[in-house]
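Structure record follows, encoded as structure tokens.
The values are calculated or read from the model by the stated rules, or taken from the named source; none is laboratory data. Small disclaimer: the values here were computed from a predicted structure and weren't measured. With ideal geometry, Cβ positions are generated from the backbone for all residues, glycine too; neighbour counts draw on all protein chains shown. The accessibility values were calculated without ligands, DNA or RNA, using every heavy atom of the protein model including side chains. Shrake-Rupley method; radii C 1.70, N 1.55, O 1.52, S 1.80 Å.
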Amino acid sequence: MNKASMHRAVKCLVLFCIGAVVYALVEILWRGYTHWTMAVLGGLLFLLIGGINNWIPWDMPLCLQAIIGSLLVTGAELIAGVVLNIWLGLGIWDYSGMPFNVLGQICPQFTAAWAGLSIVAIVLDDYIRYWLFGERKPKYKLF
């Protein structure tokens, strides 16, 4: 493995671990508990959400990035929920009591919450990349 590949792998591992820990802590603060699969999902989502402004131009408004992030989280939550809760029967979460839920795995109320958390994830990812990996200093346009 060459030096550039090793640097990318370390960066992804660091960002994944930070996302996993933060996502699990947010869930523990919100619900009082979590499941290890949520840390894995959180790490993956942190990489995806953090990558939004790496794949799409930096001048994209933060609000639009947050909407994309919330759709990524909602889609991942649906897929994870179908696999973990429905197919495997783990019962990690159940939104069936919420209005307009889909299969008890996603609902619009949490999609809106994911938009706010996506903003936090985007800014945190950008500053971690700046502080630890010497990437471009973040600057944002809200709308």
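All of Phe110, Phe100, Phe143 fail the test of being modelled with pLDDT under 95 and over 22 Å from Leu48 (Cβ atoms), apart from Phe143.
In the condition set (1) without any contact (Cβ under 8 Å) to a residue 40 or more places away in the chain; (2) more than 20 Å from Ile18 (Cβ to Cβ); (3) outside any loop (DSSP other than H, G, I, E, B); (4) open to solvent by less than 60 Å² (accessible area, probe 1.4 Å), Gln109 is compliant with all but (4). Filtered by the rule that a residue be open to solvent by 90 Å² or more (accessible area, probe 1.4 Å) and assigned to a helix (DSSP H, G or I), region 8-42 gives Arg8, Leu13, Leu25, Leu29, Trp30, Trp36.
Selection of first residues in region 70-83 that are hydrophobic (A, V, I, L, M, F, W, C) and of second residues that are open to solvent by less than 30 Å² (accessible area, probe 1.4 Å), restricted to Cβ pairs under 6 Å at least 6 apart or on distinct chains, gives the following pairs, ordered by first then second residue: Val73/Leu45; Ala76/Leu45; Leu78/Gln105; Leu78/Ile106; Ala80/Leu41.
Quick one: which residue in Ile68, Ile79, Ile128, Ile122 is open to solvent by 60 Å² or more (accessible area, probe 1.4 Å) and either hydroxyl-bearing (Ser, Thr, Tyr) or in a helix (DSSP H, G or I) (or both)?
Just a single option satisfies the conditions, and that option is Ile79.
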